[in-house]
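Asks: Below is one structure. I have some questions about it.
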Amino acid sequence: MGLTSRAKQKTMNVDEPVVAWVTDAMQLPLNQPIHTDRYIHPRVEPELFFRLGVALTGPGVTKEDAAAAIDAVVAGVDVIDSRYHSFAFTLPDVIADNASSAGFILGPIMKPIGAVDLELEAVLVEVDGIVVDSATATAVLGHPLEAVAAAANLLGQRGLALAAGDWVLAGAMTDAVALTGGQSVSFHFSTLGSIHMAKEE
């Protein structure tokens, strides 16, 4: 899911998020350097990822419906990249560019959805050992399950649905961090572990 931040929606002059696609071929290994030769100017952002235990079909899906359909949650990192200079684009541009989706990393701890307080789950963003940002999952549409519901509803408008076993990347909890130089980036979640990465020179 993209544009799940209210501030980003205001910037882009839209009032709902967008849906894009990731595949298993885009998964990157946990706690390994990012091989930047496959990207243009990658950035990374912390998210919560949700796995569907049963199908979820819109329209009309609520966050309560989403909660009932999800069987697992894990912290993750969304690797974004853009064909547009400095990530400057219009809404049609970013839709055409698959919402800048470029890769993803699954975190080390997977839990049943009922074992995580989704409103209080927080993340600290650390660059070269210095905390540069923090947020709770309420930064995502007020509640991250609203993003899962939105995914089902947006797909439902196209006659598509989320299937059992699908993952939904709910959207960025903080601003993205550019992978520049040889810096290290870490995301520390409240209960879902930490994810570390660096740009490979």
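Asks: Which members of segment 17-39 meet the condition of being free of Cβ contacts under 8 Å to residues at least 12 places away in the same chain, part of a helix (DSSP H, G or I) and closer than 22 Å to Ala164 by Cα?
Replies: Asp24, Ala25, listed by residue number.
Asks: Can you confirm whether segment 110-123 contains a residue that is surrounded by 22 or more Cβ atoms within 10 Å (Cβ to Cβ), outside any loop (DSSP other than H, G, I, E, B), modelled with pLDDT of 95 or more and among the β-branched types (Val, Ile, Thr)?
Replies: Looking through segment 110-123, at least one residue is surrounded by 22 or more Cβ atoms within 10 Å (Cβ to Cβ), outside any loop (DSSP other than H, G, I, E, B), modelled with pLDDT of 95 or more and among the β-branched types (Val, Ile, Thr).
Asks: I'd like to verify a number: residues in segment 149-171 that are of a type outside the set (A, V, I, L, M) and more than 19 Å from the chain's Cα centre (by Cα), how many?
Replies: Counting residues in segment 149-171 that are of a type outside the set (A, V, I, L, M) and more than 19 Å from the chain's Cα centre (by Cα) gives 4.
Asks: Output the residues belonging to segment 158-192 that are open to solvent by 40 Å² or more (accessible area, probe 1.4 Å) and touching a Ser or Thr at 6+ places or on another chain (Cβ under 6 Å).
Replies: Of everything in segment 158-192, those that are open to solvent by 40 Å² or more (accessible area, probe 1.4 Å) and touching a Ser or Thr at 6+ places or on another chain (Cβ under 6 Å) turn out to be Ala161, His188.
Asks: Looking at segment 40-60, which of the residues that are part of a loop (DSSP other than H, G, I, E, B) and in contact with a strand residue (DSSP E or B) (Cβ under 6 Å, 6 or more places away or on another chain) is surrounded by the fewest Cβ atoms within 10 Å (Cβ to Cβ)?
Replies: The extreme case among them is Gly53.
Asks: For segment 61-79, what are the residues that are assigned to a strand (DSSP E or B) and open to solvent by less than 20 Å² (accessible area, probe 1.4 Å)?
Replies: Ile70, Ala72, Val73, Val74, Ala75, Gly76, Val77, Asp78, Val79
Asks: While we're on this one: Looking at Leu155, Leu106, which is the one that is open to solvent by less than 20 Å² (accessible area, probe 1.4 Å) and modelled with pLDDT of 95 or more?
Replies: One residue alone meets the criteria, Leu155.
Asks: Test Asp97 against the criterion of being open to solvent by 20 Å² or more (accessible area, probe 1.4 Å), among the charged types (D, E, K, R) and either modelled with pLDDT under 95 or more than 25 Å from Gly182 (Cβ to Cβ) (or both), and give yes or no.
Replies: no
Asks: Could you check, for segment 81-94, whether at least one of its residues is open to solvent by less than 70 Å² (accessible area, probe 1.4 Å), β-branched (Val, Ile, Thr) and assigned to a strand (DSSP E or B)?
Replies: no
Asks: Considering only segment 136-171, state which residues are assigned to a loop (DSSP other than H, G, I, E, B), without any contact (Cβ under 8 Å) to a residue 24 or more places away in the chain, at negative phi and of a type outside the set (Lys, Arg).
Replies: Within segment 136-171, Leu160 is the sole residue that qualifies.
Asks: Which of (1) within 23 Å of Gly156 (Cα to Cα); (2) open to solvent by less than 30 Å² (accessible area, probe 1.4 Å) does Thr23 not meet, given it meets every other one?
Replies: Going through the list (1) within 23 Å of Gly156 (Cα to Cα); (2) open to solvent by less than 30 Å² (accessible area, probe 1.4 Å), Thr23 breaks only (2).
The values are calculated or read from the model by the stated rules, or taken from the named source; none is laboratory data. This structure is a prediction, so every number in the text was calculated from the model and none was measured. Note that we place each Cβ from the backbone using ideal geometry, even for glycine, and neighbour counts take in every protein chain shown. All accessible areas refer to the heavy atoms of the entire protein, side chains included, with ligands and DNA or RNA removed. Shrake-Rupley method; radii C 1.70, N 1.55, O 1.52, S 1.80 Å.
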